[in-house]
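Every read-out reported here was derived from the displayed coordinates using simple, explicitly stated rules and does not represent laboratory data. Remember, predicted model here, so these are calculated numbers, not experimental data. Cβ placement follows ideal geometry from the backbone for every residue including glycine, while neighbour counts extend to all protein chains displayed.
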Amino acid sequence: MSAPEVLKAASEEPDPVKRMNIYQNIVRTEVSDPDEVAIKAKEQAILELGNMMAKSSDAKGLADLIVLTRPFLKQISKAKAGRLVRTLVDLFLNLEAGTGREIDLCRECIQWANEERRVFLRQALETRLIGLYYENGHYEDALKLGMFT
């Protein structure tokens with residue numbers, strides 16, 4: 001079955017656990033560079049899986065998904081990759097799970113964006129990190145980062 005067919009089957013699956021497993025299999029599958037259809041299907045699977053994890057309040061799974069998708073993000077345009085990362089990070093931060101991992105995850109994503117030279121993504125993530133610092137009472141850190149953004 002091709003990736004779009006698997007994606008369609010997943011969206012029609014009534015059992016959320018089976019649907020999540022299908023999406024996870026799509027996300028873990030390597031995609032060859034010229035296969036635009038498979039890349040599009042994988043992007044959609046990442047977003048759907050992220051939404052499902054957010055609805056089920058699976059903060060750890062969502063954080064792992066963000067890290068797991070990084071190699072794939074090198075295959076797509078910077079704009080699409082930035083949108084995916086921002087969406088997943090927003091889903092994670094909106095959970096308000098209070099895991100204590102929010103700031104660390106934001107820092108990791110900023111470091112990755114720096115390494116990949118994704119300036120606009122880094123700036124967007126730094127803005128989110130400033131907000132997190134402020135919410136958690138780390139005012140000096142927020143001010144320091146705000147001066148360099």
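Shown here for the stretch 1-68: GluC sites (Glu not before Pro) in loop regions (DSSP other than H, G, I, E, B) with at most 14 other Cβ atoms within 10 Å, namely E30. Other residues with beta-carbon under 12 Å from the beta-carbon of E115 carry, at +1 per Lys or Arg and -1 per Asp or Glu, a net charge of +3. Got a sec? Which residues in the stretch 60-79 would a label at D35 touch, if it sits 7 Å along Cα→Cβ and we count backbone N under 18 Å? Correct set: 69-77. Ratio to report: Rg/Rh of the chain, with Cα atoms as the point set and Rh obtained by the Kirkwood method; give two decimals. In the chain, Rg relative to Rh is 1.01. Name the aspartates and glutamates eligible as straight-distance cross-link partners of K144: C-alpha to C-alpha under 19 Å, and not fewer than 8 places from it in the same chain. Within the straight-line cut-off, K144 pairs with E102, D104, E108, E126, E135. In a DSSP loop and with at most 11 other Cβ atoms within 10 Å, the trypsin sites (Lys or Arg not before Pro) in the stretch 76-149 are R117. Residues in the stretch 137-147 carry Karplus couplings, in order, of x, 8, 5, 5, 4, 5, 5, 4, 5, x, 6 Hz; the curve used is 6.51 cos²θ - 1.76 cosθ + 1.60 with θ = phi - 60°, and Gly or Pro positions show x. Entry note, the chain: the mean residue ellipticity at 222 nm calculated from DSSP H runs of n ≥ 4, each adding -39500 (n - 2.57), is -24500 deg cm²/dmol after division by the residues and rounding to the nearest 500.
Normalised by the number of residues in the chain, the average gap of Cα pairs under 8 Å and 6 or more apart makes the relative contact order 16 percent.
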